[in-house]
Amino acid sequence: MVKRNKREPDAGQTGYQPTAREQRVLGNFHARRAAEKPSPRIKVLSRDKAASITPDHPEQAVGYWLLMEALGTTDADFVHGLLKQLAHAGSQGNQVDEAEINFLLSIVKGVKPKDQLEAMLAAQMAVVHIATLRFARRLDHVETLAQQDSAERALNKLARTYATQMEALKRYRTGGEQKVTVQHVSVSEGGQAIVGNVTQAARETAPAKAANLVALTDAQKTAMTIVDKPERAPVPLQRGRKDGGRSSP
């Protein structure tokens, strides 16, 4: 009796039909992939205990040209050196990890460097990212308080370093200029728009608010007269003297 593999579909079963959403996602993926023109991957060839790194392309020279375009350079020596450094950074021991190198290279290519400086900074960001996740895993498997403190400090430093690298890349690409964009600003007729820091004034006291009530009245109507109680005239005091019981003013 022949056992049927569970993953093997039945003879009468048709292929999977993607849903409308899945078809739309696949269409967007193929269009984006065609627009980005991905560069070739890296393959590792081992000969006599020595490993060589070459582009995974039928024509090696064309593969290097595509890599140089993806790394923002025309210098073949720069590409050779950067690939070698990524291989050392992404390998454990003497064994070259092909999958890890391609992962690091994909991070560098994803930054889309415009020149060699951006490519080097992107390579450092890729290596820092790998180290950050390694220490995050180490922090999850600590056994002593000293190991926890050490892994936590290293993780925090690496995370801050990555954020600093992101800011450095942004400043380098923008030339250090800071752009401020104001959108959806509506100013009524007779009004003024203020760009900058606005400090809120202190609250007014009750008498000041009462004085400003006149400005809230309708300008087309006569302002209402405020009737107050008349003030009483002061009454002079009379000083009396004892003169037969009479008092004189």
For this session: Note down the nm distance, to one decimal, between modelled labels 7 Å out along Cα→Cβ at Ala51 and at Ser91.
Result: 0.4 nm
Problem set entry | Residues with amide H under 5 Å from that of Lys43, placed H, sequence gap 5 or more | Thr54, Asp56
Exercise. Can you sort Val111, Val25 so the residue with the fewest Cβ neighbours within 10 Å comes first?
Worked result: Val25, Val111
Exercise. Say the cut-off is 20 Å between C-alpha atoms; which of Lys109/Lys170; Lys84/Lys170; Lys37/Lys84; Lys84/Lys157; Lys109/Lys157 go over it?
Worked result: Lys84/Lys170; Lys37/Lys84; Lys84/Lys157; Lys109/Lys157
Problem set entry | Normalised alpha carbon radius of gyration of the stretch 59-129 [divisor 2.2 N^0.38 Å] | 1.04
Exercise. Extension gain Thr74-Gln147, at 0.36 nm per residue separation less the Cα-Cα distance, in nm?
Worked result: 21.7 nm
Problem set entry | Additional length obtainable on full extension of the chain from Asp115 to Thr19, 0.36 nm per residue less Cα span | 30.4 nm
Exercise. When all C-alpha to C-alpha distances in the stretch 23-174 are sorted into bins of 5 Å, what percent of pairs does each bin hold, rounded to whole numbers?
Worked result: 1, 9, 15, 17, 17, 15, 12, 8, 4, 2, 0
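Each value in this text was obtained by applying a stated rule to the coordinates, not by laboratory testing. Here the structure is a predicted model, which means the values were calculated and not measured. Every residue, glycine as well, gets a Cβ built from its backbone with ideal geometry; the counts of neighbours run over all protein chains shown.
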